[in-house]
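What follows is one structure encoded as structure tokens, with my remarks underneath.
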Amino acid sequence: MSCENMHNTLQKHIHDYLQDRKKSGLLRELTPCYVRNNPKDLYLNLNDYLQLSTHPSVVQAAQKAIKIWGTSSGGSPVVGSYWPIHQELEDVLKKWCGFEYGLLWNSGYTANKALMSTLPQKGDVVLADRYIHNSMLLGIQETSAKLIRYHHLDLNHLEDLLRIHTHPDRTVFVVTESVFSMDGDYPDFSQMAFLKDRYHFFWIVDEAHALGWYGPIGNGLVATFGVEKKVDIIVATLGKALASQGAFTLFHNPHLRSYLLNRTSEFIYSTYLTPAATAASIAAIEVIKTESIMHQSKWLAETLTLKKRLTSYFPHIPLYDSAILPLVIGDPETMLNLASQLAEQYRIHVGAIRPPSVPKGTSRLRLSLHCNLAFDLLGERLENFFQNSF
């Protein structure tokens, strides 16, 4: 085949793919849509759950770090760009979350994929909640381990699988999110800890959407349930409640840290976190512990009240007090139209979530709530909108 024919074949493939996505209402496009500090617009498509991205202490910490360290770390952490400020953030995270060892990553996606593509070995079994994040799923699929997805939040099904697959000659991994990113629900970690004691599996929890929102000092849902010592690894992002960028993994076993930093290409061959992002995360944790946490009970109660209020229009809303509010519409084009109307008529911007991010037929408006919302006013505006839309 000539180069010209190869290029034509590729061009046809790309064209057909994009046309198919467009016809299905699933074509994604990038449009600048966020004007910071515009008081007339409400942005519920962002995961800045505690509104710390503009907090003076966080901003000042980032600015100070740039003056001291510059704008870039300049290279890989294994060849000179692991700096004292990175070690400081690791130390802060370990103490905050109750773990002994930690490692920073450039993104949550990178951390999850690296973790799950590296740890499970041939002959091992990975039992994963059906709704785990795409990054974890792709990582597992790169291994020779056997992947079995248990029914979402169904710990009876999980135990059935544990009975079948637990064996002294293999490692059984159990992988779950704490707060699930598309539904805002979460598992019973007390029951999972009981299963851990019984079956001795290797437990990995993604705390991306729980950190900051939950926990006695904002340190996540694992800490809320008091099961820090039972979980083998937690992974979480710095880019949501911590209002920065990057991610981290925490361990009790020192060999896990050493293994990952020696084995994972994602860690070895990437320019490391910027000093500004690192310093902002340190400052955000301090604000959460000393300021935000004082209002936690209020935002948890108001979040649950809002979700209950909207069940007259969306009876299947998961009634959890997380920051994620899913309003399942079904058809992707109908959902996109509703999202546009909500932005145009009420200046409320929400996430428009379609397959493959969610199962076919469950396209949804996803609202990322935050602690500073006027929850009663938001509930009133949403009720008015849906009353006129349905």
Item to check | Highest average packing first - 280-293, 14-27, 341-354, Cβ atoms within 10 Å | outcome: 280-293, 341-354, 14-27
Item to check | Alpha carbon convex hull of the range 77-138, projected area averaged over orientations, nm² | outcome: 5.9 nm²
Checklist outcome for this item: the chain, Gaussian network, Cα under 10 Å: of 131, 82, 186, the residue fluctuating most is 82
Next on the checklist: Restricting to Cα pairs below 8 Å that are 6+ residues apart, what does the relative contact order work out to for the range 238-390? Please round to a whole percent.
Outcome noted: 18 percent
Checklist entry - When DSSP assigns beta bridges and you keep just the ones with both residues in the chain, what percent turn out antiparallel, to the nearest 5? => result 50 percent
Checklist entry - Which cross-chain or sequence-distant (5 or more) residues have an amide H under 5 Å from the amide H of residue 236, H modelled 1.01 Å from N in plane? => result 207, 248
Checklist entry - Summing +1 for each Lys or Arg and -1 for each Asp or Glu, what net charge is found among the other residues whose Cβ lies under 10 Å from the Cβ of residue 145? => result +1
Item to check | Exceeding the 20 Å Cα-Cα cut-off - candidates 94/196; 67/95; 95/230; 40/307; 113/229 | outcome: 94/196; 67/95; 40/307; 113/229
Item to check | Between the range 338-390 and the range 25-81, the Cα center-to-center distance that results, in Å | outcome: 23 Å
Item to check | Computed log₁₀ I(q)/I(0) - Debye formula, equal Cα scatterers, no solvent, the range 154-274, q 0.17 Å⁻¹ | outcome: -0.96
Next on the checklist: Could you work out the relative contact order of the chain? I mean the mean sequence separation of Cα pairs under 8 Å and 6+ apart, divided by the number of residues, in percent.
Outcome noted: 23 percent
Checklist entry - Going from the alpha-carbon gyration tensor of the chain, what semi-axes, largest first and in whole Å, does one get by taking the root of 5 times each eigenvalue? => result 31, 27, 26
Checklist entry - Taking K and R as +1 and D and E as -1, what net charge do the other residues with C-beta under 11 Å from the C-beta of residue 214 add up to? => result -2
Next on the checklist: List the residues, sorted by chain then number, that are 5 or more residues from residue 126 or on another chain and whose placed amide H is less than 5 Å from its amide H.
Outcome noted: 146, 147, 148, 173
Item to check | Hits among aspartates and glutamates - C-alpha to C-alpha of residue 23 under 14 Å, sequence gap 8 or more where chains match | outcome: 331, 333
Checklist outcome for this item: The summed charge of the residue 247 Cβ neighbourhood (under 14 Å; Lys/Arg +1, Asp/Glu -1) stands at -3
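Only the coordinates and a few stated rules stand behind these numbers; no lab work does. Values in this document were obtained by computation on a predicted structure and should not be read as measured data. So basically every Cβ, Gly included, is an ideal-geometry build from the backbone, and we count neighbours across all protein chains shown.
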